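Please read the structure below before turning to the comments.
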Amino acid sequence: MRDSARPTLDTVAHAAGVSRMTVSNAYNRPDQISEQTREKVLRVARELGYAGPDPAARSLRRGRAGTVGVLLTEQLPYAFADPGMLTFLHGLATELGAAGQALLLVPTESNADHQLVRNAVVDGFVLASLSRADPAVDDVLSRRLPVVTWGHPKLPGVARVGVDNARAVAECARHLLDLGHRRFGIVTFGAHAPTAAISQRVTGFRGALAAAGVSDDDVTLVTAPVNSRPAGAAAVEALLAMARTRRPTAIFGVTDIIALGVLDAAAKADVAVPEQLSVVGFDDIAEASASNPALTTISQSLFEQGRTAARVVIDLVAGRPPVMPRITPQLVIRASTGPVSSR
């Protein structure tokens, strides 16, 4: 009868009549033993229900886990529904996979007791758009492992991959101002805990308008509860219902998802884009160029940012100084923006 206790490497060695080292070699260094001995050891292991050496223990012995932890500020289901986050993760996974590294997703909401981050068997961390106030940030720093941040937070002495949000949205604001717009709407999200990047987009856009002489009375800020297309649409319903002489002639959505929701709401309200309303977004996700009309937006190369973050953390783990290329966002002008109608 099989022992009810969990079988160990020593259990297999005793049952197979070989040394502990022979069992270890059967899994880790098969070239050190004969094929016949290895087959015998593996057969006995299967009969005992032994699945092999513990990966965590093996990682400790080798000093490397072969895995990078990625901390997400969102819940996992939301992260997989966010095209911008998916594009970044695609680039990250592409580069890590090419280097033979695995990826461990760690949502910060699951780290309430601080154990998920502290016990993660990883070689380094990528922090994806976290607030500095999130306790998970200190948990990561306490591990003293290589760290790179994407977007935020900005941490002293920690490598960061990202764009200058304020400068990027200033270019977007100037584009709309050059088209003659003077009444604006801004649609953001996350009233309770907006990320630093989103807050910078709002303040940067407002600052660029103020520098151009646009009054605060001509800028209306509305907040959607979450970064979703339906939420973006719902957030601007009241704006689009205003009399035409009072409503904004241009609306900036802090993400493409929000801006696409604005396009949906405009179509529902029979507000023509761009003849009666110009709409701009931020990110340049795939849906931006496929929308009707195609969305003017800030392109920030999310896939390349993911690849860059992966290369940086891989270099840090290997003890090499990372190469930090400058990522320059670009305004992509499409059909959703146009001059203010004279009518």
- Item | Test: residue in segment 317-337 that is within 21 Å of residue 102 (Cα to Cα) and outside any loop (DSSP other than H, G, I, E, B) | yes
- Search result, residues across segment 71-97 that are in a strand (DSSP E or B) and either outside the structural domain of residue 128 (by TED's automatic domain parsing) or at pLDDT below 90 (or both): 72
- Task: Only residues that are of a type in the set (Phe, Trp, Tyr) and over 20 Å from residue 134 (Cα atoms): list them for segment 65-110, please.
- Result: 80, 88
- Message: Tell me yes or no: at least one residue of segment 101-119 is of a type in the set (A, V, I, L, M, F, W, C) and closer than 29 Å to residue 253 by Cα.
- Response: yes
- Qualifying positions in segment 138-167 - of a type outside the set (Lys, Arg), over 23 Å from residue 297 (Cα atoms) and surrounded by fewer than 22 Cβ atoms within 10 Å (Cβ to Cβ): 138, 139, 141, 142, 145, 153, 155, 156, 157, 158, 159
- Message: Condition first: surrounded by 14 or more Cβ atoms within 10 Å (Cβ to Cβ), under 22 Å from residue 162 (Cβ atoms) and among the charged types (D, E, K, R). Can you find one or more residues in segment 249-271 that meet it?
- Response: yes
- Of the numbered conditions (1) more than 30 Å from residue 283 (Cα to Cα); (2) modelled with pLDDT under 75, residue 46 satisfies every one except a single condition; which is it? (2)
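The values are calculated or read from the model by the stated rules, or taken from the named source; none is laboratory data. Everything quoted here is computed from the prediction, not taken from an experiment. A quick note on method: Cβ atoms are made from the backbone with ideal geometry, for glycine too, and the neighbour counts reach across all protein chains shown.
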